[in-house]
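The values are calculated or read from the model by the stated rules, or taken from the named source; none is laboratory data. Computed from a predicted model, the values in this text were never measured in an experiment. Neighbour counts run over all protein chains shown; Cβ positions are idealised from the backbone, glycine included.
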Amino acid sequence: MSDKTKRAIRTAIQTLLAVAAVLPALAAVLADSELAVAAPWLIAAAGSAAAVAGVVARVMASPVVERVLARLGIGLTDTAPAALAQTTEGDALR
């Protein structure tokens, strides 16, 4: 399994756990209101949020996005110097 895939899975799990931490409080509020019928939809939305976060993490792990993030100063520390070196060399060739 590639590092990109592992990062995407980790992000999806982190998002799911974060949503799961908020869900009981949200369920308590919904139980006391007329919006209780929306609870199944909210659970589905939580699962969808985790899936979307995983997809976004996978896209963010692409080399193109990493180079853009490195230029902005928010690249990953293990790949940012390499990405910056590539952009510096490319800029020197112009």
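Please go through the range 1-29 and give me each residue that is among the hydroxyl-bearing types (Ser, Thr, Tyr) and touching a residue at least 24 places away in the same chain (Cβ under 8 Å), ordered by number. Before the answer, list the steps.
Taking the range 1-29 and keeping what is among the hydroxyl-bearing types (Ser, Thr, Tyr), we get 2, 5, 11, 15.
Across the range 1-29, the qualifying residues are Thr5, Thr11, Thr15.
Name the residues in the range 53-64 that are surrounded by 14 or more Cβ atoms within 10 Å (Cβ to Cβ) and assigned to a helix (DSSP H, G or I), would you?
So the first thing to find is which residues in the range 53-64 are surrounded by 14 or more Cβ atoms within 10 Å (Cβ to Cβ), and the list is 53-54, 56-58, 60-61.
If the condition is that a residue be surrounded by 14 or more Cβ atoms within 10 Å (Cβ to Cβ) and assigned to a helix (DSSP H, G or I), then Ala53, Gly54, Val56, Ala57, Arg58, Met60 are the ones that fit.
Please work out which one of (1) assigned to a helix (DSSP H, G or I); (2) surrounded by 10 or more Cβ atoms within 10 Å (Cβ to Cβ); (3) at pLDDT below 75; (4) aliphatic (A, V, I, L, M) is the condition Ala92 fails and give its number.
Among (1) assigned to a helix (DSSP H, G or I); (2) surrounded by 10 or more Cβ atoms within 10 Å (Cβ to Cβ); (3) at pLDDT below 75; (4) aliphatic (A, V, I, L, M), the lone unmet condition for Ala92 is (2).
Can you find, within the range 30-76, the residue that is nearest to Thr15 (Cα to Cα) among those that are out of contact with any Asp or Glu (no Cβ under 9 Å at 6 or more places or on another chain) and in contact (Cβ under 8 Å) with a residue 40 or more places away in the chain?
Step one: of the range 30-76, the residues out of contact with any Asp or Glu (no Cβ under 9 Å at 6 or more places or on another chain) are 30-59, 62-74.
Narrowing the set further to residues that are in contact (Cβ under 8 Å) with a residue 40 or more places away in the chain leaves 53-58, 62.
Values: Ala53: 7, Gly54: 8, Val55: 12, Val56: 12, Ala57: 11, Arg58: 14, Ser62: 20 Å.
The selected residue is Ala53.
Have a look at Ala45, Ala18, Ala39 and point out the one that is modelled with pLDDT under 85, loosely packed, with under 15 Cβ neighbours inside 10 Å and touching a helix residue (DSSP H, G or I) at 6+ places or on another chain (Cβ under 7 Å).
Unique residue meeting the criteria: Ala39.
If you go through the range 66-74 one residue at a time, do you hit one that is at pLDDT 80 or above, surrounded by fewer than 11 Cβ atoms within 10 Å (Cβ to Cβ) and not in a helix (DSSP H, G or I)?
Within the range 66-74, one or more residues are at pLDDT 80 or above, surrounded by fewer than 11 Cβ atoms within 10 Å (Cβ to Cβ) and not in a helix (DSSP H, G or I).
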